[in-house]
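Accompanying notes for the structure given below.
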Amino acid sequence: MISGLEPDAVFPTESKLSDALKISRTTVRAILNRMSDEGIIRLQGREKTLLRAPVPGDRFAQNVVEPVSRIAEKRVMEWLVGPDCVVGALINALDLSRRLDLSVSAVRDCLARFEHFGIVTREESGRWRSLGLTADLVSELFEIREIQECRALERLMLLPDSHPAWAEIRRIGARHQLHLEDKKLLLREFTIYDSQLHLTIASVASNRFFIESHSLMGLIFPYHYDTDMEQNFGRQRQAVLEHLTYIDALMQRDLAAAKEACLAHLHSALATLLNSIEMKAGVLVFPQASRT
């Protein structure tokens with residue numbers, strides 16, 4: 001839509017963009033914020049001004065764009081591990097669809113998928129029961145993720161400099177540097193760039209099962225953070241430093257160093273998540289939980 005506009009062109013209102021694109025204003029706002037972050041537009045109050053024309057590198061790779069099912073999974077997972085859902089609670093798919101503004105079929109699909117991983121179980125009444133996250137489940141997922149990401153790294157190193165994955169990794173690294181000392185930005189943006197980095201690497205393997213397990217891990221990982229903003233900032237800042245070490249090894253095309261940085265980061269994330277599960281054990285029930 002904006003590729004033919006001249007710099008300094010003023011955008012229509014969010015409502016008009018929403019109508020023209022047939023998407024929600026929330027989605028429009030997310031797109032505008034993204035383009036503002038990338039220096040494509042300037043947001044000043046309600047005014048939106050074009051700064052430059054978009055270039056191919058501004059576009060998301062097709063395998064990184066979130067499908068509707070992924071958005072539904074995020075909303076359902078947020079609710080399952082949030083304060084409104086306790087372990088053992090009965091879940092009515094119709095009620096949950098209304099609460100989360102999703103279709104009933106989307107909610108049922110999510111619950112069926114999460115049942116496969118032992119997060120919920122189906123009751124005879126047609127309802128579902130929350131089981132919570134277990135240390136065993138998380139440990140098993142991380143083990144799979146280690147194997148898959150290291151394999152994807154080998155594929156990544158064979159790609160030419162012109163491949164979009166390298167530009168995306170550089171962009172994520174630059175955003176990390178900007179957010180390193182900004183507590184507000186880091187707390188708001190960290191999980192987005194964490195997911196984008198690992199998904200970009202996983203996507204080069206062109207293996208649907210890699211993306212599947214990464215998708216579930218990406219849903220679970222962000223929710224181990226507690227309400228202590230100071231602790232969260234410290235944890236996320238450490239993770240950003242680990243990311244930057246990882247990205248630096250990737251940019252140098254050093255496979256051994258990249259694998260070492262990858263495993264160090266994943267082990268650190270696993271330890272933090274298991275510690276969080278252990279600390280919440282007095283409130284949540286984690287059957288057969290064990291440290292591996």
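The values are calculated or read from the model by the stated rules, or taken from the named source; none is laboratory data. It should be emphasised that the depicted structure is a prediction, and the values quoted were computed from it without experimental measurement. Positions of Cβ are generated from backbone atoms using ideal geometry, with glycine treated the same way; all protein chains shown enter the neighbour counts. Note: accessible area is taken over every heavy atom of the protein model, side chains too, but ligands, DNA and RNA are not part of it. Shrake-Rupley method; radii C 1.70, N 1.55, O 1.52, S 1.80 Å.
With the charge dipole of segment 76-221 set up from +1 on Lys and Arg Cβ and -1 on Asp and Glu Cβ about the Cα centre, the Cα lying farthest toward the positive end among the listed residues Cys150, Leu197, Pro164 is that of Pro164. In the list (i) 1.13; (ii) 1.07; (iii) 1.30, the label attached to Cα Rg over 2.2 N^0.38 Å as derived from the coordinates here is (ii).
Could you please report the charge total around Ser18, scoring K, R as +1 and D, E as -1 over all other residues with beta-carbon less than 10 angstrom from its beta-carbon? It works out to a net charge of +2. Close amide H partners of Ile41, meaning residues 5 or more places away or on another chain with modelled amide H under 5 Å apart, are Ser36, Leu51. Derived from the Cα gyration tensor, the three semi-axes of the equivalent ellipsoid of segment 1-120 are 37, 15, 12 Å, largest first. The Cα atoms of segment 1-43 cover 25, 20, 14 Å along the three principal axes, with the biggest extent listed first.
Of all the options Val68, Val240, Val86, the one that moves most in a Gaussian network model of the chain with Cα springs shorter than 10 angstrom is Val68. In terms of packing, defined here as the mean over residues of other Cβ atoms within 10 angstrom, the peptides 46-58, 163-175 line up highest first as 163-175, 46-58. Computed about the Cα centre, the dipole magnitude for the chain is approximately 680 debye when only Lys and Arg (+1) and Asp and Glu (-1) carry charge, each at its Cβ.
For segment 99-129, GluC sites (Glu not before Pro) meeting the loop criterion (DSSP other than H, G, I, E, B) and having at most 11 other Cβ atoms within 10 Å: Glu123, Glu124.
Rounded to the nearest 20 Debye, what is the dipole magnitude of segment 87-207 about its Cα centre when Lys and Arg each give +1 and Asp and Glu each give -1 at the C-beta?
380 debye
Cross-link partners for Lys16 among the aspartates and glutamates, with Cα-Cα distance under 16 Å and sequence neighbours closer than 8 places in the same chain left out: Glu47. Structure remark: mean-square fluctuation, Gaussian network model of the chain, C-alpha springs under 10 Å; the largest value among Asn275, Asn33, Asn207 belongs to Asn33.
A cut-off under 10 angstrom between Cβ atoms defines the neighbours of Lys48, and their net charge, with Lys, Arg +1 and Asp, Glu -1, is 0.
Remark: relative contact order (segment 17-63) = 20 percent; criterion is Cα-Cα distance under 8 angstrom and separation of 6 or more residues.
Sorted on the mean count of surrounding Cβ atoms within 10 Å across their residues, most packed first, peptides 252-263, 12-23 read 252-263, 12-23. Most tightly packed first, judged by the mean number of other beta-carbon atoms within 10 Å of their residues, the peptides 194-205, 144-155 read 194-205, 144-155. Placing unit charges on each Cβ (+1 for Lys and Arg, -1 for Asp and Glu) gives segment 1-43 a dipole about its Cα centre, and among Val10, Met35, Ile23 the Cα reaching farthest toward its positive end belongs to Ile23. Rounded to the nearest Å, what's the spacing between the alpha carbon centres of segment 248-267 and segment 136-201? Just the number, please. Computed from Cα coordinates, the inter-centre distance equals 11 Å.
On average, how much accessible surface per residue is there in the chain, in Å², for a 1.4 Å probe, leaving out ligands, DNA and RNA?
Heavy-atom accessible area per residue stands at 55 Å².
Note on the chain: GNM, Cα springs under 10 Å; of Met251, Met35, Met77, the largest mean-square fluctuation is that of Met35. In sequence order, segment 168-177 has phi-based couplings of 5, 5, 5, 4, 5, x, 5, 5, 4, 4 Hz under the Karplus curve 6.51 cos²θ - 1.76 cosθ + 1.60, θ = phi - 60°, and Gly or Pro positions carry x. Average projection, convex hull of the Cα set of segment 60-133: 5.3 square nanometres. Of the solvent-accessible surface of segment 1-95, computed with a 1.4 Å probe and all protein chains present, 54% belongs to carbon and sulfur.
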